[in-house]
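Presented below is the structure to which this report refers.
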Amino acid sequence: MPASTSSAGRADAPILLVQLTDTHLLAEPDAVMCQVNTDASLRAVLDLVRANGHRPDLLLATGDLSQDGSPASYQRLRERLEQTDWPVRCLPGNHDAPHTLRQALGLWTQPVTDIGAWRIILLDSTVPGSDAGHIDETQFDLLERAAALAGERHILVALHHNPVQMDSKWTDTMMVDNAPALFQQLANLPRTRVLLWGHVHQAFDRRRHHLRMLATPSTCFQFAIRDGRHVLDDAALPGYRWLKLYRDGSLATGVRRIDAAAWRDL
């Protein structure tokens with residue numbers, strides 16, 4: 001049975017989701033990656049969520065939660081998110097240790113959650129020993145079964161790896177390698193309204209038939225494609241995505257980023 005959150009009985013109010021992604025926590029809380037203390041940047045983004053008055057009905061953390069797969073990094077993430085008192089769901093990314101993640105985060109990793117008029121389905125796109133993504137038959141079966149049992153609910157599907165190229169001038173070898181099969185299955189699931197991912201450390205918003213396809217900045221360092229090359233984007237700031245999901249299947253969404261002063265103070 002899928003889990004349900006406590007907000008499922010609310011009348012016509014939209015469901016508020018917040019997506020955090022690519023936190024890249026390390027075993028030591030003062031460790032730095034790409035010149036960023038990833039613990040400090042996560043705290044700054046969580047402070048921004050609160051400052052914006054966003055109290056999510058569900059927080060989605062979409063992979064690369066740890067950089068080194070260490071138990072300590074997942075335990076700190078758990079402690080940090082438990083302090084918010086928000087319902088949480090997580091999925092693994094290519095830098096995560098999926099077994100360790102699931103041990104540490106427990107019920108947060110369950111793949112199907114019903115909330116109001118929506119069903120949230122989390123897919124595991126990780127491939128052991130690889131940075132690339134792949135949707136295997138187990139995950140396709142999960143998607144098919146969960147969608148078939150969704151009833152009249154609208155569906156949001158989340159995964160870590162991007163199923164589309166972020167830039168036509170750059171060949172992405174780390175995206176979902178069987179994305180056409182995923183889109184073929186989603187084409188047969190018309191109640192699927194949103195396909196949401198992390199991994200790319202940048203914002204993305206595009207429509208594909210009945211789907212709204214969304215990607216979100218990392219809570220730490222950002223990426224960009226420049227002159228056909230994949231580079232760190234020092235000009236882009238950490239942030240999160242909010243989504244309001246309405247009972248009629250429509251949605252509103254946007255990205256919020258910490259301000260430059262907060263970034264300098266990290």
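The values are calculated or read from the model by the stated rules, or taken from the named source; none is laboratory data. Since the model is a prediction, treat every value here as computed from it, not as a measurement. With ideal geometry, Cβ positions are generated from the backbone for all residues, glycine too; neighbour counts draw on all protein chains shown. We work out accessible area using only protein heavy atoms, side chains counted, and drop any ligands, DNA or RNA first. Shrake-Rupley method; radii C 1.70, N 1.55, O 1.52, S 1.80 Å.
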Please specify each residue of the range 159-193 satisfying the condition of being assigned to a helix (DSSP H, G or I) and modelled with pLDDT under 95.
none
For a quick check of your reading of the model, give me the residue pairs whose first member lies in the range 41-52 and is closer than 14 Å to T23 by Cβ, whose second is of a type in the set (G, A, S) and assigned to a helix (DSSP H, G or I), with beta-carbon atoms closer than 6 Å and at least 6 apart or on different chains.
A44/A262
Among what's in the range 194-210 and is touching a Phe, Trp or Tyr at 6+ places or on another chain (Cβ under 8 Å) and free of Cβ contacts under 8 Å to residues at least 60 places away in the same chain, pick the residue that is least open to solvent (accessible area, probe 1.4 Å).
V200
Might you check whether a residue that is surrounded by 17 or more Cβ atoms within 10 Å (Cβ to Cβ), in contact (Cβ under 8 Å) with a residue 12 or more places away in the chain, in contact with a His (Cβ under 7 Å, 6 or more places away or on another chain) and assigned to a strand (DSSP E or B) occurs anywhere in the range 222-243?
yes
Failed criterion for L107 (all others in (1) crowded, with 19+ Cβ neighbours inside 10 Å; (2) closer than 30 Å to G249 by Cβ; (3) under 17 Å from the mean Cα position of the chain (by Cα) hold):
(1)
Within the range 78-134, the count of residues that are over 28 Å from Y246 (Cβ atoms) and of a type outside the set (D, E) comes to 25
Which numbered condition L142 fails, given (1) assigned to a loop (DSSP other than H, G, I, E, B); (2) within 27 Å of D172 (Cα to Cα)
(1)
Quick check on my filter: what residues within the range 46-78 are under 23 Å from M174 (Cβ atoms) and out of contact with any helix residue (DSSP H, G or I) (no Cβ under 8 Å at 6 or more places or on another chain)?
L60, T62, G63, D64, D68, S73
Checked the range 128-172 for anything among the polar types (S, T, N, Q) and exposed (fewer than 14 other Cβ atoms within 10 Å of the Cβ); matches are S130, T138, S168, T171
Scan the range 244-266 residue by residue and report those that are of a type in the set (V, I, T) and surrounded by fewer than 20 Cβ atoms within 10 Å (Cβ to Cβ).
T253, V255
Which residues, taken from the range 80-108, are β-branched (V, I, T) and in contact with a Phe, Trp or Tyr (Cβ under 9 Å, 6 or more places away or on another chain)?
V88, T100
